[in-house]
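Novice: Handing you a structure now.
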Amino acid sequence: MNDTASLTASRGGYQRFLLTLAHMTTDTCQSAVPALLPFLIASYELSYTQAAVIVLCSNIVSTVVQPLFGYLGDTSQRPWFMALGVICAGTGVALIGIAGAYVPLLAGAFLAGLGAALFHPEGGKLANVLAGSTSKGRGISDFAVGGNLGFATGPILIAVLVPLVGMPGCLLMLLPTTIMAVLLLAQNRYYKQQSSAHAQKARAQTGTDRQDDWPGFLKVTAVNLTRAIIGSGLMVFIPLYWAHVFMQPESLSSLMLTLYAGSGAIATFLGGRIADKLGFKRVILISVSAFTPTLLVFLWVPNPLVAGALVVVASLALSLGYSPMVALGQSYLPNHLGLSSGISLGIVVSMGGISTPAIGYVGDLFGLWASMAAISACSFVALAFSLLLQHKTRLERQHGKTTRKTMRAPGNTSS
């Protein structure tokens, strides 16, 4: 009996790890697209506008179609979306490497964005399903860390591959994505069984446990979106700030970005685990309350060493609340886990990236300090939304009343 339980737990652990690894592979391809821009500009003599359109094409495709794939995944179990998404992402990067003209470059970016849109809703839903009822935060944390690692890995791979073998080196991205797609398809039946069992259990629930709480979901999404805008802005402007405001060498500017990304990955890993113990809303409020003053203080620090320490603190605080935000959003939409995952893990991140040109425009007009000030101002918006999130929605109040009535009902001996 114990051996059977151990085998089941072991297999479930492998399935969760596979989701994390697949997330990393998909987002490696997605982050490779902007990393390729300097090489594409040099190879094809592109203007900055043409180069920006390539990334914008990937982001917009991912943003527009992701809700559709999330909805389709909620209407019936489609775990094979993940395998198809990984293959599309790898094929898109490979096509960019051998494009030969601008239109095929856009087609490659389109495929990379389509792959991300296919993967995230189903992957996020399964991360929730496989986590169990008491470890939702941990499950989403593990899955989200894969995305963090992927976004860090893509630029590194491009920086190594392209100088060594040229743009055709992008074809090598087909190797890990094909392997990952095969591994995912091999577990398709298991994933489908788990999703179906979860759906049947959800349908058996009644009352407020079963209802979607859209006001609650919109509130947590507002916090998440503002967090994504801040995170994307810091990723773009931290190295520029170090180089042009602190007048530090480019190598040190890149190191700061590495520290920022690494700190964020650690906090993402821990955030869900802490939220499982303290509660999602509490950890979100702690997260936002910590990075808001940190970013404000950063603006007035002239010492790059002290500023670097503040960047690490801001990254830790910013990422601590990410997994709880995703998990809380899923809890608000029990009938639409795929849609919730697609919005929280995909659309919100893409929208954060799309917002960076506006922050850059502020910098063009008033300088890099103004760009960082705009990012800091966004943190106060996130704080306002996170405070609003602490107030219970109508369904949450109804659920609390129902729970108390059940506990007081005659014959209830539970304690």
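Novice: Go through VAL182, VAL129, VAL160, VAL236 for me and flag whichever is surrounded by fewer than 18 Cβ atoms within 10 Å (Cβ to Cβ), modelled with pLDDT under 90 and part of a helix (DSSP H, G or I). It would help to see each step written out before you state the result.
Specialist: Numbers: VAL182 fails: modelled with pLDDT under 90; VAL129 fails: surrounded by fewer than 18 Cβ atoms within 10 Å (Cβ to Cβ); VAL236 fails: surrounded by fewer than 18 Cβ atoms within 10 Å (Cβ to Cβ).
Result: VAL160 is the single residue among VAL182, VAL129, VAL160, VAL236 that is surrounded by fewer than 18 Cβ atoms within 10 Å (Cβ to Cβ), modelled with pLDDT under 90 and part of a helix (DSSP H, G or I).
Novice: Of GLY279, GLY353, which residue is assigned by TED's automatic domain parsing to the domain that holds LEU240 and in contact (Cβ under 8 Å) with a residue 60 or more places away in the chain?
Specialist: None of the others qualify; the one that does is GLY353.
Novice: Something else: Where the second residue is of a type outside the set (A, V, I, L, M, F, W, C) and outside any helix (DSSP H, G or I) and the first is touching a residue at least 12 places away in the same chain (Cβ under 8 Å) and lies in the stretch 233-250, which pairs have Cβ atoms under 6 Å and are six or more apart or on separate chains?
Specialist: TRP242/GLN248
Novice: What is the residue count in the stretch 239-259 for residues that are modelled with pLDDT of 85 or more and either crowded, with 23+ Cβ neighbours inside 10 Å or among the β-branched types (Val, Ile, Thr) (or both)? Before you say what the answer is, go through the steps one by one.
Specialist: So in the stretch 239-259, the residues modelled with pLDDT of 85 or more come out as 241-242, 245-247.
Filter once more, so that each one left must be either crowded, with 23+ Cβ neighbours inside 10 Å or among the β-branched types (Val, Ile, Thr) (or both): 241-242, 245.
Of the residues in that region, 3 qualify.
Novice: Continuing with this model, one more query. Between LEU56, LEU68, LEU21, LEU7, which is at pLDDT 90 or above and in a helix (DSSP H, G or I)?
Specialist: LEU21
Novice: Something else about it: In the stretch 79-127, how many are within 28 Å of ALA197 (Cα to Cα) and free of Cβ contacts under 8 Å to residues at least 12 places away in the same chain?
Specialist: Adding up the residues that qualify gives 0.
Novice: Could you say whether any residue in the stretch 21-31 is within 20 Å of LYS125 (Cα to Cα), touching a residue at least 24 places away in the same chain (Cβ under 8 Å) and out of contact with any helix residue (DSSP H, G or I) (no Cβ under 6 Å at 6 or more places or on another chain)?
Specialist: Looking for residues that are within 20 Å of LYS125 (Cα to Cα), touching a residue at least 24 places away in the same chain (Cβ under 8 Å) and out of contact with any helix residue (DSSP H, G or I) (no Cβ under 6 Å at 6 or more places or on another chain), one finds at least one in the stretch 21-31, hence yes.
Novice: Scan the stretch 274-296 for residues that are over 17 Å from GLY233 (Cβ atoms) and among the aliphatic types (A, V, I, L, M) and jot them down.
Specialist: Scanning the stretch 274-296 gives ILE274, ALA275, LEU278, VAL283, ILE284, LEU285, ILE286, ALA290.
Novice: Can you find a residue that is at pLDDT 85 or above and farther than 22 Å from VAL64 by Cβ anywhere in the stretch 392-409? Spell out how you get there, then give the answer.
Specialist: Keep residues of the stretch 392-409 that are at pLDDT 85 or above, which gives none.
The answer is no, given that none of the residues of the stretch 392-409 is at pLDDT 85 or above and farther than 22 Å from VAL64 by Cβ.
The values are calculated or read from the model by the stated rules, or taken from the named source; none is laboratory data. Just so it is clear, the structure is predicted and the values come from calculations on it, not from any experiment. Ideal geometry is used to build each Cβ from the backbone, glycine not excepted, and the neighbour counts take in all protein chains shown.
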